[in-house]
1. For P(r) over Cα pairs in 10 Å bins from 0, in percent, pick the label among [x] 14, 33, 29, 20, 4, 0; [y] 16, 49, 27, 6, 1; [z] 14, 19, 16, 14, 12, 11, 10, 3 that corresponds to the value derived from the coordinates.
2. Which order do peptides 12-20, 47-55 fall in by mean Cβ count within 10 Å, highest first?
3. Can you list the residues of region 24-44 with backbone N under 18 Å from a point 7 Å past the Cα of Ala64, pointing along Cα to Cβ?
4. Relative to the first principal axis of the alpha-carbon coordinates of the chain, what is the inclination of helix 15-24, with its axis defined by its Cα atoms, in degrees from 0 to 90 and to the nearest 10?
5. FRET efficiency for Ala2 and Glu71, Cβ-Cβ distance as r, R0 = 25 Å, nearest 0.05?
6. Evaluate the distance, in nm, between pseudo-label points positioned 7 Å from the Cα of Asp56 and of Arg33 along their respective Cα→Cβ axes.
7. Rounded to the nearest 500 deg cm²/dmol, what is the calculated helix-only ellipticity per residue at 222 nm for the chain, with -39500 (n - 2.57) per DSSP H run of length n ≥ 4?
Amino acid sequence: MAAIFSDPLSANVKWRDVEALFLALGGVLVEGRGSRVTVFLNEAKAVFHRPHPRPDTDKGALRAVRRFLLEAGVRPEKNPKKPGAP
């Protein structure tokens, strides 16, 4: 999630990682025609196009993912704890 909410946006986020995040947050993915996938998360819905032939998500798509997550009520942690930290 940090890469999606980073500023400037990262240019090397794999789409499979974005989909894994949606699922980890409780989202539902519905396959559409071609490379389309509809994502339902909380009360929000969005349609995305999987990148192809490369697996990397472009910055425009990451901006759309960020907007969708915010619309769904997902916010980045301000000070995430590191493993083993008190």
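1. Among [x] 14, 33, 29, 20, 4, 0; [y] 16, 49, 27, 6, 1; [z] 14, 19, 16, 14, 12, 11, 10, 3, the one derived from this structure is [y].
2. On the way: 12-20: 15.7, 47-55: 12.7.
Going from most to least packed, we get 12-20, 47-55.
3. 28-41, 44
4. On a 0 to 90 degree scale, this one is about 70.
5. On the way: r = 19 Å, r/R0 = 0.76.
Computed FRET efficiency for Ala2 and Glu71 comes out at 0.85.
6. Going by the 7 Å Cα→Cβ label model, 3.1 nm.
7. Numbers: 3 runs with 27 residues, N = 86.
Using -39500 (n - 2.57) per qualifying helix, the result is -9000 deg cm²/dmol.
Readers should treat all values here as calculations from the given coordinates under stated rules, not as data from a laboratory. All figures in this text were calculated on a predicted structure; none of them were measured in a lab. No Cβ is skipped: glycine too gets one built from the backbone with ideal geometry, and neighbour counts run over all protein chains shown.
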